[in-house]
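This report refers to the structure that appears directly beneath it.
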Amino acid sequence: MTAPAPSIDFSALKSGGIIMQKDDDFFAIRLRLPGGSISADLLAKIAQLAQKYGWGEVRLTARQGIEIPWIKFGEIEAARMELAGAGLTLGPCGPRFRTVTACPGLPVCRRALADSQSFAHRIDRKFSGRLLPHKFKATVSACPNGCSRPMENEIGFCAAAEMELEAEACMGCSLCVDICKEKAIVMQDERPLLDKGRCVHCADCMQSCPTDAWKAKRIGYVVYAGGKNGRHPKLAEKIADFVDEELGMKIIERCLDFYQRQGNKRERFGEMIRRVGIDEFKAAVFR
């Protein structure tokens with residue numbers, strides 16, 4: 001086995017989505033797929049390149065990406081150029097803003113309250129690859145089920161709906177009471193009454209109501225900050241409710257600015273928040 005020349009900057013390769021395998025002769029190429037979405041045509045192209053440059057196999061990553069392993073060092077650039085020609089770029093690694101993940105969202109998922117894919121792509125276009133003190137992961141979920149794990153990322157957006165009842169449209173069937181998993185709705189005087197303290201803003205009541213009596217007063221994103229997985233996992237803290245995309249983008253920008261000013265090298269975003277204090281952090285983000 002002949003290892004690559006010692007002059008190779010492996011850190012630089014990894015930062016650009018080229019990852020050295022355990023066997024030093026081979027590398028894996030990680031593709032950038034915001035939201036985990038890809039066309040069938042591009043899947044076929046990836047399969048073709050995996051056959052041409054690798055061992056004819058691909059790997060699905062934990063963050064909705066695709067890696068092509070078993071590529072020899074001397075063929076990395078040729079493979080990258082063919083991928084680029086098909087419109088596929090490599091995913092950022094190392095201490096950078098990573099590719100954004102997302103659940104299917106509207107119009108695919110019947111529980112979705114927002115177009116999580118569109119928002120994820122918008123976030124990714126602006127922030128992906130930005131150099132930071134450590135890795136920074138973001139995700140978008142289209143409902144409180146949180147399928148993309150918004151509380152386990154540096155920043156997570158989780159769509160939610162504030163519900164209100166149009167009393168004159170309600171026929172008192174109590175279906176919403178039976179549907180509500182949180183037991184947040186009870187019948188009172190033959191009409192449903194919402195306990196806002198128990199409600200998680202999932203809008204199941206609205207989606208199940210036969211007379212459309214339940215309405216969404218507003219829909220927006222709950223924002224979580226400071227979560228992570230790994231050896232010492234931490235759940236994020238909620239920092240905002242019912243945020244629209246425009247404010248969401250500003251929150252991300254301010255979070256990154258604060259992280260670049262206050263974060264130490266190799267200090268995760270959540271660790272920085274806990275070190276400086278949540279109040280100081282929120283004051284900077286919501287100035």
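Computed from the coordinates by the stated procedures, all read-outs in this text should not be read as laboratory data. No experiment lies behind these values; they were computed from the predicted model shown. Because the Cβ atoms are built from the backbone with ideal geometry, glycine has one as well, and the counts that use them run over all protein chains shown.
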Check: Hey, with R₀ at 25 Å, roughly what FRET efficiency would ARG218 and ARG254 work out to, going by the Cβ-Cβ distance, to 0.05?
Finding: 0.65
Check: In the chain, what % of DSSP beta bridges are antiparallel (nearest 5)?
Finding: 80
Next item on the list: Let me have the 222 nm mean residue ellipticity of the chain computed from DSSP H runs of 4+ only, each contributing -39500 (n - 2.57), with the sum over all residues rounded to the nearest 500.
Entry: -8500 deg cm²/dmol
Check: If amide H atoms are built 1.01 Å from N in the plane of the peptide, which residues on other chains or at least 5 residues away come under 5 Å of the amide H of ASP244?
Finding: TYR221
Margin query: Through the Karplus equation 6.51 cos²θ - 1.76 cosθ + 1.60, θ set to phi - 60°, convert the phi angles of the range 159-176 into ³J(HN,Hα) values in whole Hz; use x for Gly and Pro.
Written below: 5, 8, 10, 8, 9, 9, 9, 8, 4, 5, 8, 7, 9, x, 6, 6, 4, 5
Check: Among 124-135, 177-188, what's the highest-first ranking by average C-beta atoms within 10 angstrom per residue?
Finding: 124-135, 177-188
Notebook entry, point to check: When you take every Cα atom in the range 218-279, what is the radius of gyration, and what is Dmax, the widest Cα pair distance, in Å?
Noted result: 12.5, 40
Note to self: Ranking request for peptides 251-260, 21-30: highest mean number of other beta-carbon atoms within 10 Å first, then the rest in descending order.
What the structure shows: 251-260, 21-30
Next item on the list: Enumerate the lysines that LYS196 could reach by cross-link, defined here as Cα to Cα under 21 Å, with residues fewer than 8 away along the same chain left out.
Entry: LYS181, LYS183, LYS215, LYS217, LYS238
Next item on the list: Measure out, as a whole number of angstrom, how far apart the alpha-carbon centroids of the range 50-77 and the range 162-210 sit.
Entry: 50
Notebook entry, point to check: Cysteines without a disulfide-compatible partner in the chain, using Cβ under 4.7 Å as the rule?
Noted result: CYS93, CYS109, CYS143, CYS158, CYS170, CYS173, CYS180, CYS199, CYS202, CYS209, CYS255
Item checked: the chain: angle of helix 116-127 to the longest principal axis, Cα-based, in degrees nearest 10 -> 50
Notebook entry, point to check: If you compute semi-axes √(5λ) of the Cα gyration tensor in Å for the structure shown, which of (1) 42, 23, 14; (2) 25, 23, 19; (3) 32, 23, 18 do you land on?
Noted result: (1)
Next item on the list: Return the sequence-ordered ³J(HN,Hα) values of the range 180-195 in whole Hz as given by the Karplus equation 6.51 cos²θ - 1.76 cosθ + 1.60 applied to θ = phi - 60°, using x for Gly and Pro.
Entry: 5, 6, 8, 6, 8, 10, 10, 8, 9, 6, 6, 9, x, 10, 8, 8
Next item on the list: With only Lys, Arg, Asp and Glu charged, each at its Cβ (+1 for the first two, -1 for the last two), find how big the charge dipole of the range 188-275 is about the Cα centre; round to the nearest 20 debye.
Entry: 740
Next item on the list: Compute the relative contact order of the range 101-285 as a whole-number percentage, counting only Cα pairs closer than 8 Å that sit 6 or more residues apart in sequence.
Entry: 21
